Amino acid sequence: MPQAIATAAESARDGAGSAGAGRTAGAAGDGGTGTAQAQGSDFAPLLRAVKGQGLLERRTGWYAVGIAVNMVALGAVITGMFLLGNSWWTLLLALPLAIFWSRTAFVGHDAGHAQITGDRRTGRAIGLVHANLLLGMNEAWWNDKHVRHHANPNHIDKDPDVGVGALVWTQKQAARREGFARWLTRNQALLFFPMLLLEGIALKISGFQYLRQQPARERALSAFLLVAHLGLYAALLLTVLSPGRALVFALVHHALFGLHLGMAFAPNHKGMEMPDPDGDRWGHLQRQVLTSRNVRGGILTDWFLGGLNYQIEHHLFPSMPRPHLRLAQPMVRAHCKALGMPYAETGLTESYRQALRHMHEVGEPLR
């Protein structure tokens with residue numbers, strides 16, 4: 001579902017009672033209880049206020065400038081690689097290339113949420129170029145996974161981001177681990193950041209694996225762009241570097257890219273509330289606010305984390321353009337305070353500490 005997030009995000013813009021992806025997969029679960037209906041009505045005044053301030057209006061020009069600047073930066077790094085040539089010094093450019101690849105990923109993320117443009121074909125084209133062609137990451141796989149996350153964040157049965165994988169997120173999941181997986185879970189807090197070094201490669205592998213789930217025509221285009229990415233990337237490295245140095249550059253570059261992306265996404269939900277699958281249904285406001293954590297900071301933090309440091313606002317209004325998230329924050333914080341609802345916000349280092357502490361506690365019974 002390459003444009004599932006974009007479709008879901010439109011519900012907030014149209015004034016539906018539950019914004020963004022939460023409406024798509026969560027609406028059925030919210031009906032039928034007075035509590036859920038009350039929680040839904042708690043969100044409506046905030047939605048009206050945000051729309052009244054024009055914060056759901058798109059900032060296409062802002063994104064156009066940002067995309068152009070990022071492309072120039074990528075071009076400058078590649079030019080630097082040619083100037084340095086077949087030298088170990090060229091490896092130093094793996095860091096800025098990883099940083100600007102992360103900017104590219106953030107653009108693809110925003111395109112999937114329909115933040116950049118209301119035209120779905122244009123939005124998908126932006127996503128395909130930035131994800132499939134420039135990064136070698138299948139945007140259809142990402143959107144399918146991400147829309148399910150937005151619909152039910154931190155829900156153990158519905159959010160793929162807290163499903164059982166290399167890491168686990170509850171002691172119940174940990175209790176089922178055996179063999180090497182059990183050792184991994186015991187030490188997952190210590191291994192978390194080292195494991196992120198593999199994430200850049202894992203994203204590519206997952207994208208190729210997802211191709212067989214796509215419709216034939218969509219699969220052909222996605223596969224073509226993914227293969228084109230690999231060809232262009234290999235051609236660049238092998239033109240500039242010897243095969244051995246090219247391999248080292250690729251490994252370092254992807255390790256830094258995965259680490260950067262992981263550092264941007266890790267603070268958002270890890271260690272926050274996890275809805276009880278057998279408990280009461282949560283309304284949109286409760287479901288998105290209680291499971292999300294914001295990260296304090298200024299312009300540099302916004303840039304480094306791609307706006308994901310406003311995770312609460314992003315989850316409440318997934319189609320809100322990135323530059324408007326900071327503007328919406330005071331309204332959301334005040335609304336939560338008026339309702340007596342916790343609003344989690346911490347510094348960047350503390351956010352990592354809380355996430356790692358949660359992972360450590362999950363593995364505690366196995367130690």
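Quick look at the values:
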| quantity | calculated |
| --- | --- |
| Estimated FRET transfer efficiency when R0 is 45 angstrom, pair ALA338-THR239 (beta carbons, to 0.05) | 0.15 |
| Shape category assigned to the stretch 212-266 from the gyration tensor of Cα positions, a/c cut at 1.5 | oblate |
| Area accessible to solvent at LYS51, 1.4 Å probe radius, in Å² | 80 |
| Average accessible area per residue (Å²) across the chain - probe 1.4 Å, nucleic acids and ligands excluded | 44 |
| For the stretch 113-270, radius of gyration divided by Kirkwood radius, i.e. Rg to Rh on alpha-carbons | 1.00 |
| DSSP H segments from the chain that extend 20 Å or more along their own axis, Cα-based, with Kyte-Doolittle mean of 1.0 or above | 60-84, 216-240, 243-265 |
| Pairwise centroid distance, computed over Cα atoms, of the stretch 195-228 with the stretch 323-360, Å | 33 |
| Percent carbon-and-sulfur accessible area, the stretch 94-237, ignoring ligands, DNA and RNA, probe 1.4 Å | 65 |
| Taking N as its residue count, the alpha carbon Rg of the chain over 2.2 N^0.38 Å | 1.00 |
| Partner lysines for LYS172 [C-alpha distance under 20 Å; skip if fewer than 8 residues away on the same chain] | LYS158, LYS270 |
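The values are calculated or read from the model by the stated rules, or taken from the named source; none is laboratory data. As the structure is a prediction and not an experimental result, all values here were calculated from the model. All Cβ positions, even for glycine, are placed from backbone atoms using ideal geometry, and neighbour counts span all protein chains on display. Keep in mind that these areas ignore ligands, DNA and RNA; they rest on the heavy atoms of the full protein, side chains included. Shrake-Rupley method; radii C 1.70, N 1.55, O 1.52, S 1.80 Å.
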